[in-house]
Every structure is written in C-alpha cells, then in structure tokens.
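> Take this structure, written in structure tokens, and hold onto it; I'll ask about it next.
The values are calculated or read from the model by the stated rules, or taken from the named source; none is laboratory data. Since we're looking at a predicted model, the values are computed, not measured. Virtual Cβ from ideal backbone geometry, glycine too; neighbours counted across all protein chains shown.
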Amino acid sequence: MPGFVKKLVGAAVILVVLYAVSAAMSREGLFGFGLGAYESEVLMLVGINVILAVSLNLINGFTGQFSIGHAGFMAIGAYASAYFTVYHGQGLEQSLGGGTFAHALVFTVAILIGAVVAGVMGLLVGVPSLRLRGDYLAIVTLGFAEIIRIVILNLDVVGGATGFSVPGTVSFFWVGIVAVITIVVVHNIVKSDTGRALISIREDELAAEAMGVNTTRYKVLSFAISSAFAGVAGVLFGHFKRFLATPDFTFIKSFEVIIMIVLGGMGSITGAVLGAIVITILPELLRQLPSVGGFNFADLRLVIYAALLIVIMLTRPQGVLGEREIGLHWLRRAQKAPEGDRQVGDDSGVPIAQKPKAADQEGTGGGGQNR
Amino acid sequence: MDTFVQQIINGLTIGSIYALIALGYTMVYGILRLINFAHGDIYMLGAYAGYYIAHWLGFAGEPSIAGLAVTLVGSMVAAALLGMAIERFAYRPVRKYARMTTLITAIGVSLLLENLGVVIFGGAPRSFPEQLQNETYTLFGNAAISKTQLLIFGVSVVLMVLLQWIVYKTKVGTAMRAVSFNLNSAKLMGINTDAIIVFTFALGSALAAAGGVLTAQYNPTIYPLMGIITGLKAFVAAVLGGIGNIPGAVLGGLLIGAAETFVVGYGQLIGIPSTYRDAVAFAILILVLLFRPAGLLGTTVQEKV
C-alpha cells in the first residue's frame, strides 16, 4: 500500500476507535455497552496525562534538559483558556448560532489560546534559563512554576484563592484526538533534523555546539513546544474538571509527570505513554486494595511514587523502555537492539566497546565547570 | 525608624535559619556537586525529632534551658544519623551514574521523606513545646527583640563559628576542602573520600536540625510539609551566596531573610499582598542566575572539555 493511504487508513482507524470510546461514555452507551462515570473519568485523566508526559519527554528525555516546572505551564494554559471561555466564549458561541459546530469552534479557539499563551511563557522562561546547567535549570523551572502559581493565586479575575468555575464540556473524543496529535507531532519532531539536533544536545552539548548546532535555539524551541502542549493539557483539564484551583498545579503535579516519564523511559514516546497510563491507573488500583491496619493504600500513593522513583534510579535508571519504542517496526524484520541501555542523560561519551559506567568528577585539575 | 529596625531584626532572625540550612546545601554541593533536595526535609525531621525528644524525656511541660539544650543536641544527633543513612543507601549507589540520575534520586528521597512524614506523623500541624521563657525587650519605640530571637541569633552564631573552626582549623576540615576542590585528586592523596562525604552529610544535617528546633521555638507549629518551601528558600540562599562557598551561604541566608521581611513588610504600602512572600526568594534566584550565576561570593569556573 502506498504510504499516504496507509496513513489515511491509520488515521481513520484511530478516529473510529476514539469516537467509539467517546460514545461509550455517553449516557446511552455504545450499542448499549456503556462505560461508567468513574471509568470515564479515569480514561479522560489518562488522556490528559499522556499529553503531559509526552510533551515533558520532549524536553527532559530527548533534549536532556531537566525541567520540573511543567505544572506551571499547564496552569497557564488552563487559566488562560478558562478566562477566554468564561468571559468571551459564551458570547462568541451565541453569535455563531450555538449548536455543536459553534461549540467545537469556540473550544478549538480556547485550546489554541491555551497553547499559545503557554508556549510564549515557555519561551520567556526558556531564554534566560537554558543557559544554565542541569541542576540549576531544575530549580529555576521549579521556581518559575511556583511564581506562576502564586501570581495566578493572587489574580481575582480568575478566581484567586477560591477557585474558578469553567463552563463547557469536553468529551473523550477531544482528549483522545489531542493526545494522538501530541504523539504524532512529537514523534515527527524527534525523527526530523530538529530531533537529531535535540538528541545531539542531550548526548554531548559541547560536541553539538562544536558541530555547529545552535544549542540555545533548539533548547528554547523544544521548551516552547513542550510548554505549549502542557498548556493544551491544562485547557482540557480545566474544561473537564469544570473547576480550577491552584492547589492542582503545585510541584507535586510536576513530579507526577516526572515519575511518569522516568518509569516509562525518558527517551521513549511509547514509554511516556505507558508511564502516563500506569501512574494514572495506579491510585485507582490502590483504592481497590483492602485497608491494612488502618492504612488505606491510596493514601500511601505519594510514598509509593517516591519509593518507586528511588528504586527505579537504583536498579534501572533508564526506565522500562529506555530509549526503545514499541511500534509497528517490530513487524518488520528483527531490528538490531541498541547496544546496551544507557543511563539517563549519560554523559560518559559514545562507547566504542562497553565501558564500565564510571562517571568521574568533571575536569582534571581545578574542579571545573560553570557554577 | 523603629519599624525599620524591627524589620531588620525579624529578617535576620529568619535569615539565620535559612543560613543554617543553606550551609548544609552548600557543603554537600561543594563535595558532590549534588543538590540535596532532601535537605529541607531533614530540617523538618529535625523539628519533629526535637518534638518527640522533648515529649519523651519530659521536657514538654515547662520551659527549661536544660530541656532546650537536650532537645537541640538530641535532634542534631538524630538528623546527623539520618543524613548519613540517606547518603549511604540512596546517594552512594547512584554516585557513579549521570547527574540527572542523582538529581532524580534526590527528588525521590525528598518526596519519600515528606510523604512518610505525612503518613507517620499525620498531616495535621502540631505544637512544639515551648522551652524558653519568652520575654520581649523593647529597644526603642516600637522596635523590640524577644528572648527567642536572641536565642536563635546566639545559637546560629555559635554553630557557624564552630563550623568555621571545623572546616578551616582541623584535619577533617582540610580534607573536606580538598574533596570539594577535586575528588579524585583527594583520593590520590590518601583521603578516605567516602568517610569525608559521610561526615559532610552528618554535619549539614545536624545544622539543618538545629534550624528546625530553633524555628519551632519561634513559630511553634510544625507540620510534615514545612521543609519544602523553607528548604527551597535556603537553597536559593546558598545559590545567592555562591554555592559551594560557606560564608556565602550565611550571607545569602541573611539577605534572603531580610529581603523577604522587607517585601512583606513594606510591600503592603505599595500594593504587593503578603501572599507574594514565597515568590520573593524565587524572584531573587532568577535574578541571581541571570546576572551573577556564580553568586555573590562565588567564583566562576570555566567549563573544561
């Protein structure tokens, strides 16, 4: 089959599946088979977390920059789009005559607003921060996310401390489509020249710079794109929950996304998806377990996440999938597996033969790099 | 004028706490190039350790200097042991891996301590027993300084002088400085770097615990998540002063404490609500990293290939 027909068929299949799931969530269900409200909510959250995880993976996994401020961009997208929907969206929808098409159009505008505002914020945060090295970048992104959250907390026009109600509904169809778009876009970026540049920055930034890759430009670019998608996830989250409150966007949210991609493997898109699914479903599974000695396992959720994070780092730092992807290429003749798994952000250089992973202290005499 | 002096006193009080915690951050970063995210939680656990020591040893009933001393020293010892355990079981195995791995591990340990704290101690805030008969001494006008504040200043100064002595006048301190300069060369010179690293963690954790107990005297409410924001601000203080630089940590801590108090105190006059308090430290961090990343007292080191 020629290439584009394959893609068309694939897209059609995905659309049908998404529509079916979405219909199953509606009141009548799909041919009488319906998904309950609880399962629907979990699926929606899975979709939103997939968008968050895949977008964070672009900056953490493929570009090798450690950002833990993702919740901040999600918050910006959520609140910016909510502001639009609450103050302008209704009016716009009426003027277009109401109905599903008008609603869809207005919602698309809301998504775009969320994406653009979050993306621009990503640019603003990225340009000064991306001169910094790993440890500092982590703290700065955390700091920016906190500042963003505190500023939003003080803006009464979006509810301030009491929270912000958002009208409008979003179905799984929307979440599913956006999730698929996110995956496709990130996948295409990674496979392109831009992706090569990003991966080269992750592997060895100095060598990349020496080879003529404009590292700052690419780092800021991946940061902006990643933030834009986080903003979109925020839009969907806000319009799904129909209520926005700043405690939803603390660094705990950022850490949840980090755990998703660390679990799945920081260099792998399918890994991010897997991680998102597992981490979203885990609390629900924990809730099913009987209480042990007065401890409901679901309360231990965060303890389990933290312990999981440490255990992964001690035993398999590259995560479940490392940099491999699950995909249709498995159907082709067996691909040679990559030579051993590398550690997260391994900066020991490209091994010719399997070298023992001893990362020695940077610099020979005089302890040195930029503080 | 008296308000100004009061602000300074308050700012330096809270700044001393930040300084004590920042010292731990800076020392660990100096030898391992690792930001110990869990350090803020050791501050929290130090406060809780002091709480339990005070209650179990019967010092919770009425204020007593002996009780305060025992609580302080006891919590410092407990925190030192905890810090050594964290280093041994969480950080040492991943030391040989890439930097991001150690960073993620540190975040994991931090999350673990916080949420274990919530599960074990309960999320509800507790009241730390008052161990100092508090009195306020009026300086002039509205400016007053309380006995607790004098205690915080006094203990902080003593601990910092002690640390200076250890780092600059003892063999262990010289070894610490050598390891922070270049770990491999120190190893070649016969220094047991593992032991020095353990010692550094113990020292830093003890200081953080002291900060915890002192804070609890000043502000008796303790809760398991109290280490997060304070720890982050103390880290900013360490960066402001120049990370890896011990006097810098002290300077940074005092500056951040003063800045925070001034912004909250005078900000209300120009329309900045006091809820922006926490944002001050982060704003300072961003400014520092933009304009002087090495910090006030730090030296820029060139990155070698």
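> Across the range B:93-149, what is the number of residues that are of a type in the set (Val, Ile, Thr) and touching an Asp or Glu at 6+ places or on another chain (Cβ under 7 Å)?
Of the range B:93-149, the ones of a type in the set (Val, Ile, Thr) are B:94, B:101-102, B:104-105, B:107, B:109, B:118-120, B:136, B:138, B:145, B:148.
With touching an Asp or Glu at 6+ places or on another chain (Cβ under 7 Å) added as a condition, the list becomes B:119.
Counting residues in the range B:93-149 that are of a type in the set (Val, Ile, Thr) and touching an Asp or Glu at 6+ places or on another chain (Cβ under 7 Å) gives 1.
> Just to verify a result, which residue in the range A:299-321, among those that are under 17 Å from B:Thr102 (Cα atoms) and of a type outside the set (A, V, I, L, M), is surrounded by the fewest Cβ atoms within 10 Å (Cβ to Cβ)? Spell out how you get there, then give the answer.
Here is the first cut: in the range A:299-321, the residues under 17 Å from B:Thr102 (Cα atoms) are A:305-319.
Pick out the ones that are also of a type outside the set (A, V, I, L, M) and you get A:305, A:315-319.
On the way: A:Tyr305: 24, A:Thr315: 8, A:Arg316: 14, A:Pro317: 26, A:Gln318: 23, A:Gly319: 25.
Among those that are under 17 Å from B:Thr102 (Cα atoms) and of a type outside the set (A, V, I, L, M), it is A:Thr315.
> Look through A:Ala230, A:Ala207 and report the one residue that is within 24 Å of A:Phe251 (Cβ to Cβ) and assigned to a helix (DSSP H, G or I). Before the answer, list the steps.
On the way: A:Ala207 fails: within 24 Å of A:Phe251 (Cβ to Cβ).
Testing whether each residue is within 24 Å of A:Phe251 (Cβ to Cβ) and assigned to a helix (DSSP H, G or I) leaves just A:Ala230.
> Which is aliphatic (A, V, I, L, M) and buried (at least 24 other Cβ atoms within 10 Å of the Cβ), of A:Ala102, A:Ala118? Talk me through it step by step, then tell me what you get.
Details: A:Ala102 fails: buried (at least 24 other Cβ atoms within 10 Å of the Cβ).
After ruling out the rest, the residue left standing is A:Ala118.
> I've got another one for you. Could you count how many residues in the range A:60-105 are hydrophobic (A, V, I, L, M, F, W, C) and not in a helix (DSSP H, G or I)?
Pass one, the range A:60-105, residues hydrophobic (A, V, I, L, M, F, W, C): A:62, A:66, A:68, A:71, A:73-76, A:78, A:80, A:82, A:84, A:86, A:92, A:96, A:101-102, A:104-105.
Going one step further and asking which of them are not in a helix (DSSP H, G or I), we end up with A:66, A:68, A:96.
Qualifying residue count, the range A:60-105: 3.
The rows are residues; the columns are (1) assigned to a strand (DSSP E or B); (2) among the aromatic types (Phe, Trp, Tyr); (3) more than 10 Å from every other protein chain (Cβ to nearest Cβ); (4) within 21 Å of the chain's Cα centre (by Cα).
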| site | (1), (2), (3), (4) |
| --- | --- |
| B:Val94 | no, no, no, no |
| B:Tyr97 | no, yes, no, no |
| B:Thr102 | no, no, no, yes |
| B:Ser110 | no, no, no, yes |
| B:Glu114 | no, no, no, yes |
| B:Ala124 | no, no, yes, no |
| B:Leu132 | no, no, yes, no |
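> Further question: Among the numbered criteria (1) outside any helix (DSSP H, G or I); (2) within 30 Å of B:Ile229 (Cα to Cα); (3) not acidic (Asp, Glu), which one does A:Val170 miss?
(2)
> Going by the conditions given, is A:Ile113 touching a Ser or Thr at 6+ places or on another chain (Cβ under 7 Å), more than 14 Å from chain B (Cβ to nearest Cβ) and surrounded by fewer than 23 Cβ atoms within 10 Å (Cβ to Cβ)? Quick ask: steps written out before the conclusion?
Working: touching a Ser or Thr at 6+ places or on another chain (Cβ under 7 Å): yes; more than 14 Å from chain B (Cβ to nearest Cβ): yes; surrounded by fewer than 23 Cβ atoms within 10 Å (Cβ to Cβ): yes.
Answer is yes for this residue.
> Can you pull out the residues in the range A:235-290 that are on the phi > 0 side of the Ramachandran plot and in contact with a Leu (Cβ under 7 Å, 6 or more places away or on another chain)? Show your work before the answer.
Filtering the range A:235-290 down to residues on the phi > 0 side of the Ramachandran plot leaves A:242, A:265.
Within the range A:235-290, just A:Gly265 meets the criteria.
> How do the pairs read when you match residues in the range B:48-62 that are farther than 20 Å from B:Leu82 by Cα with residues anywhere that are part of a helix (DSSP H, G or I) and of a type outside the set (Gly, Ala, Ser), using Cβ under 7 Å and keeping only pairs 6 or more apart or on different chains?
B:Leu57/B:Val70; B:Phe59/B:Val70; B:Phe59/B:Thr71
> Taking into account only those residues within the range B:47-61 that are part of a helix (DSSP H, G or I) and among the hydrophobic types (A, V, I, L, M, F, W, C), which is nearest to B:Ile222 (Cα to Cα)? Spell out how you get there, then give the answer.
Filtering the range B:47-61 down to residues part of a helix (DSSP H, G or I) leaves B:47-56.
Of the ones still in play, those that are also among the hydrophobic types (A, V, I, L, M, F, W, C) are B:47, B:49, B:53-54, B:56.
Working: B:Ala47: 7, B:Ala49: 11, B:Ile53: 14, B:Ala54: 14, B:Trp56: 17 Å.
If we take residues in the range B:47-61 being part of a helix (DSSP H, G or I) and among the hydrophobic types (A, V, I, L, M, F, W, C), then B:Ala47 is nearest to B:Ile222 (Cα to Cα).
> Also, quick follow-up: Can you work out which of the residues in the range A:151-161 that are without any contact (Cβ under 8 Å) to a residue 40 or more places away in the chain and part of a helix (DSSP H, G or I) is nearest to the other protein chains (Cβ to nearest Cβ)?
Taking the candidates together, the pick is A:Val151.
> Only one of (1) in a helix (DSSP H, G or I); (2) more than 14 Å from chain B (Cβ to nearest Cβ); (3) crowded, with 21+ Cβ neighbours inside 10 Å fails for A:Leu123. Which number is that?
That leaves (3) as the condition not met.
Yes or no, residue by residue, for (1) modelled with pLDDT under 90; (2) surrounded by 23 or more Cβ atoms within 10 Å (Cβ to Cβ); (3) within 14 Å of another protein chain (Cβ to nearest Cβ):
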| residue | (1), (2), (3) |
| --- | --- |
| B:Ala175 | no, no, no |
| B:Ala178 | no, no, yes |
| B:Ala186 | no, no, yes |
| B:Gly190 | no, no, no |
| B:Ala208 | no, yes, no |
| B:Met226 | yes, yes, no |
| B:Ala237 | no, yes, yes |
| B:Ala249 | no, yes, yes |
| B:Gly265 | yes, no, no |
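> Which condition number does A:Tyr136 fail, the rest of (1) within 10 Å of chain B (Cβ to nearest Cβ); (2) among the hydroxyl-bearing types (Ser, Thr, Tyr); (3) not in a helix (DSSP H, G or I) being met?
Result: A:Tyr136 passes all but (3).
> Then there's this: So, in the range B:127-144, how many residues would count as being small (Gly, Ala, Ser), surrounded by fewer than 16 Cβ atoms within 10 Å (Cβ to Cβ) and out of contact with any strand residue (DSSP E or B) (no Cβ under 8 Å at 6 or more places or on another chain)?
The qualifying residues number 1.
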